[in-house]
Amino acid sequence: MRILHSLMAVTAHPRGLDAGLDDGWRLRVRAMSDDLLRVVIEPAAGLPLDRTWMVAPEGDVPWDGRNRDDAAGFTPGTVAVTTKVGAVAHAAGETVVTAGNFRLTLMGKPVRLAVEQRVKGAWQPWIRDRMTGGFALAERNSRVRHFQHRDFTDKHFGLGDKTGPLDRTGRRFRVLQLDALGYDAERGDPQYKHVPFMIVRSGEGETAVAGGMFYDTLAPLTFDFGNERSNYHGIYRYVEVEEAGLDLWLIAGPDVAAVARRFTLLTGRPALPPKWSFGFAFTTMHHADDANAQAVIGAFADKCRAEDIAISAIHFGSGYSSRGKRRYVFTWNRDKFPEPRALFEKLHGMGLLTVANLKPVLIDDHPDYASVKAAGGFIKDSGGEPVLEQFWDGMGSYLDFTNPVTVNWWQERLSKQVLDVGFTAGWNDNNEHEIGREDSTATGFGRPLDAIATRPLHALLMTRATFEGTQARAPSQRPFTITRAGTAGLQRYGETWTGDNSTSWHTLKWNLRNGLSLALSGQSNVGHDIGGFTGPRPDGELLCRFVEMMALHPRAVMNSWKPHVAPDWQAATTPWTHPEVLPQIRAALHLRTTFLPLIYTLAHASHVDGSPIIRPLLYDFPDDPRAFEDHDAMMLGPDVLFSPVVDAGARVKSQYLPKGPVGWINFHTGATHVAGTTVIVSAALGRPPIFVRVGAALVLASTTPTVEPHKADARRLYLAVAGDGGTGSGRHFEDDGLSWGLRAGQALGLDIALSWNAHSITAEMSRSDGNWPVPPASAWTIDAPGRDPVTVSVRTA
């Protein structure tokens, strides 16, 4: 590798600086806002791709991408560029850019950066490049490495759905979309997402400062957080980008929470899907693959009602489009589904929404293959022919979502063959675009792209095509879609999950971290396949604990494929697979219904300001060192600590309760626990431990119906009070859960001010958003654990 060594012609710019580097390469620094700084290392010809689809400060980008240098949506402040005083500093070429909350020092011989952040009015060191060189070129300048010094106290978070502990220190990861069936949730890599974003927290205690580093590229990357060592370079980390150039965004903290929110806003606010999508749902390949699939799915719905399962939706596997083992997207197998409209009429009449599995490949004997080929709708080789790749049980060609003709075809087929037939929404699956031909090209909206170097883009645009196609069919309603793969920014269009997990206690434990990492990376509307997708059938205890863990996640879908368990549809994991734990599974689903109003309120907050719905303890308690330890727990918003059981045979749970609140209240028992202590509490099947921050006012469901549980009335006011007095607060949001009426004020944002003493509790409610009236005090069921018969008064304004 060749280290970039020399700085030449450093020139101040109104928003930063420009500098020449070795062999015609150049460096650009641009202040984009007080909290965003962009650093570009590029060859003389410029970056390989002059467009971005991930950076979206205005909410979204044009279909053909956003010019990387477009400043629209950013508000840079005052920028000062100075040269450090002193002969030694001047000889080394030290130039300082001060912009908002950043102070960046550029040095030469070799080229490297040091970055400080303004924290409480003082400059605090954050990151600095390796003394022996910050940037290096490899393989005839086709790859760039960025080396940084690493302190032993540094912590590293992010990278989307990566496996293992949330702190990535000591590991190496490859950012490359793969269909990682049955992955190891602790050690497997790569995974499904392309999120080249890390949070670096430097220092400890009062000197700790966090910031974000986002490498805006669609090319594969390697992130090494200290797995590699060299005697000649000290302790370091590096990022390798597999293209000729580097486009780096620095995101100010000073804590993890601020970085996570700002990254989400940089790449686009999360969509607010309809409320029904947060209800429990079910899918399995076995049902749609069955020779009598229509009858099987109808019987499953009847069984849900007979067994009092609180379910909102059924997701269909791709078997509705299969012939044998081959899948033909946007077609119907009328032998298995003789009257699909009748099935949808039945399901919708039962209050069940439906979602269709969609795949981005046409098998080579697909009825539309020839017409799509003639229209240039596939990824092509250098000769202009569609690239054929292995896909499921055949050979097929990936659709090119950078071709408007393909997008139009997709949306027309989505409407005609999926939505018009009766499905409510589409599910984007198997969209990792595992293209292997090195001469593969994509249309690129008229400017051809290297298909391998940009393959994550197709997952993003496939999801967008489904989202906008669904929206076009019902403009007044908020669309819903799901995607397994995609880049940073996929949250603008839909929810996601952690892919085809395996059935084990090990998976249950580590999936929790996979989802929390996604949440820190802008994608918190997330879940995991309940019970495990592949592998052995779960036993009753494991299945129940899976349902419990997903009870308080944004996405809760039971999904399985167990071809080695049984030869027919009965191989599927269902809520009643183990009758001995069915009562406990029902209880866990009712718990989900109870908390759905809070989950929906947090989803709305995420849509507005980018704050994640779920997050690790370190997000809300950055001043508590123990919050950075590894926990089998998560926060649901700022007030609820959820501690799911992830160990076989456990009937109690040990949990650390972070410092900061006055105390924590056990949701199930009403007992108050001291903050900053570890407690051991009962964890019977069906009752996972939940703790509520003292001072929280939560709006929960006052009933838990099994039919359309997402429509349960949100009129239970849970007041977490303890001690002789105190104050607290809460927030609630509600609308019709379906339409865009909230944009016209057809909604209610509710602020709750809580106060109490030894004899009384007062909750004052006031409308903060929307034009719906505040429900009267008589509409609320009051729950103040451990304080009966204390007087509770509810006041509304």
Practice problem: Would you check which residues across region 422-445 are under 27 Å from ARG473 (Cα atoms) and charged (D, E, K, R) and list them? | Solution: ASP429, GLU432
Quiz item: Which condition breaks for THR573 when tested against (1) open to solvent by less than 10 Å² (accessible area, probe 1.4 Å); (2) under 17 Å from the mean Cα position of the chain (by Cα); (3) among the polar types (S, T, N, Q)?
Solution: (2)
Quiz item: Restricting the search to region 204-217, which residues are within 17 Å of VAL39 (Cα to Cα) and either over 22 Å from the mean Cα position of the chain (by Cα) or not in a strand (DSSP E or B) (or both)?
Solution: ASP216, THR217
Quiz item: If ASN514 passes every condition in (1) open to solvent by less than 10 Å² (accessible area, probe 1.4 Å); (2) touching a residue at least 60 places away in the same chain (Cβ under 8 Å); (3) in contact with a Phe, Trp or Tyr (Cβ under 8 Å, 6 or more places away or on another chain) but one, which one does it miss?
Solution: (3)
Self-check item: Single match in THR82, THR75 (criterion: surrounded by fewer than 13 Cβ atoms within 10 Å (Cβ to Cβ), under 22 Å from MET32 (Cβ atoms) and within 29 Å of the chain's Cα centre (by Cα))
Solution: THR75
Quiz item: In region 600-617, is there at least one residue being more than 16 Å from VAL692 (Cα to Cα) and over 19 Å from the mean Cα position of the chain (by Cα)?
Solution: no
Quiz item: Which of the residues belonging to region 184-202 are closer than 11 Å to GLY212 by Cα and in a loop (DSSP other than H, G, I, E, B)?
Solution: PRO196
Quiz item: Taking SER440, is it closer than 25 Å to ASP630 by Cβ and in contact (Cβ under 8 Å) with a residue 60 or more places away in the chain?
Solution: no
Self-check item: Filter result (closer than 22 Å to ASP788 by Cβ and of a type in the set (A, V, I, L, M)) within region 675-715
Solution: VAL681, ILE690, VAL692, VAL694, ALA696, ALA697, LEU698, VAL699, LEU700, ALA701
Quiz item: For region 9-32, how many residues are buried (at least 21 other Cβ atoms within 10 Å of the Cβ) and among the hydroxyl-bearing types (Ser, Thr, Tyr)?
Solution: 0
Quiz item: If you check VAL721 against the conditions, is it open to solvent by less than 10 Å² (accessible area, probe 1.4 Å) and in contact with a Phe, Trp or Tyr (Cβ under 7 Å, 6 or more places away or on another chain)?
Solution: yes
Exercise. Would you confirm whether any residue within region 525-540 is open to solvent by 10 Å² or more (accessible area, probe 1.4 Å), closer than 24 Å to VAL61 by Cβ, under 19 Å from the mean Cα position of the chain (by Cα) and at pLDDT 95 or above?
Key: yes
Self-check item: Filtered residues of region 777-796 (kept if over 37 Å from the mean Cα position of the chain (by Cα) and surrounded by fewer than 14 Cβ atoms within 10 Å (Cβ to Cβ))
Solution: SER778, ASP788, PRO789, THR791, SER793, ARG795
Practice problem: Could you check THR704 against (1) touching a residue at least 40 places away in the same chain (Cβ under 8 Å); (2) outside any loop (DSSP other than H, G, I, E, B) and say which number it fails? | Solution: (2)
Practice problem: Can you tell me which residue within region 318-360, out of those that are free of Cβ contacts under 8 Å to residues at least 60 places away in the same chain and among the aromatic types (Phe, Trp, Tyr), is most open to solvent (accessible area, probe 1.4 Å)? | Solution: TYR328
Quiz prompt | Neighbours by Cβ (under 6 Å, 6+ apart or cross-chain): first from region 276-302, more than 19 Å from HIS710 (Cβ to Cβ); second of a type in the set (Val, Ile, Thr) and open to solvent by less than 30 Å² (accessible area, probe 1.4 Å) | solution = HIS287/VAL296; HIS287/ILE297; ASP290/VAL296
Quiz item: List pairs: first in region 450-476 and closer than 19 Å to GLN191 by Cα, second among the acidic types (Asp, Glu) and open to solvent by 30 Å² or more (accessible area, probe 1.4 Å), Cβ under 8 Å, 6+ apart or cross-chain?
Solution: ILE452/GLU438; ALA453/GLU242; ALA453/GLU243; ARG455/GLU434
Practice problem: Please state which one of LEU246, LEU218 is within 22 Å of ALA488 (Cα to Cα) and in contact with a helix residue (DSSP H, G or I) (Cβ under 7 Å, 6 or more places away or on another chain). | Solution: LEU218
Quiz prompt | Matching residues, region 361-400, being open to solvent by 10 Å² or more (accessible area, probe 1.4 Å), outside any strand (DSSP E or B) and charged (D, E, K, R) | solution = ASP364, ASP365, ASP368, LYS373, ASP381, GLU385, ASP393
Exercise. Only residues that are within 27 Å of TRP505 (Cβ to Cβ) and either among the acidic types (Asp, Glu) or open to solvent by 50 Å² or more (accessible area, probe 1.4 Å) (or both): list them for region 626-648, please.
Key: ARG626, GLU629, ASP630, ASP632, ASP647, ALA648
Exercise. Kindly indicate which of ARG269, ARG262, ARG237 is of a type outside the set (Asp, Glu), open to solvent by 30 Å² or more (accessible area, probe 1.4 Å) and touching a strand residue (DSSP E or B) at 6+ places or on another chain (Cβ under 9 Å).
Key: ARG262
Practice problem: Check GLN584 against each of (1) among the polar types (S, T, N, Q); (2) assigned to a helix (DSSP H, G or I); (3) surrounded by 23 or more Cβ atoms within 10 Å (Cβ to Cβ) and name the one condition it does not meet. | Solution: (3)
Quiz prompt | Any hit, region 160-183, residues being open to solvent by 10 Å² or more (accessible area, probe 1.4 Å), among the small types (Gly, Ala, Ser) and under 25 Å from ASP247 (Cβ atoms) | solution = no
Self-check item: Residues that are of a type outside the set (D, E, K, R), in a helix (DSSP H, G or I) and in contact with a Pro (Cβ under 6 Å, 6 or more places away or on another chain), drawn from region 515-573
Solution: LEU516, ALA519, MET549
Quiz item: Among the candidates ASP735, ASP751, which residue alone is crowded, with 16+ Cβ neighbours inside 10 Å, out of contact with any strand residue (DSSP E or B) (no Cβ under 7 Å at 6 or more places or on another chain) and either over 30 Å from LEU542 (Cα atoms) or at pLDDT below 95 (or both)?
Solution: ASP735
Quiz item: Could you say which residue among SER755, SER778 is under 24 Å from ALA722 (Cβ atoms) and out of contact with any Pro (no Cβ under 8 Å at 6 or more places or on another chain)?
Solution: SER755
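The values are calculated or read from the model by the stated rules, or taken from the named source; none is laboratory data. This structure is a prediction, so every number in the text was calculated from the model and none was measured. Cβ atoms come from the backbone with ideal geometry, glycine included; neighbour counts cover every protein chain shown. When the accessible area is computed, the model is the full protein with side chains, heavy atoms only, and any ligands, DNA or RNA have been set aside. Shrake-Rupley method; radii C 1.70, N 1.55, O 1.52, S 1.80 Å.
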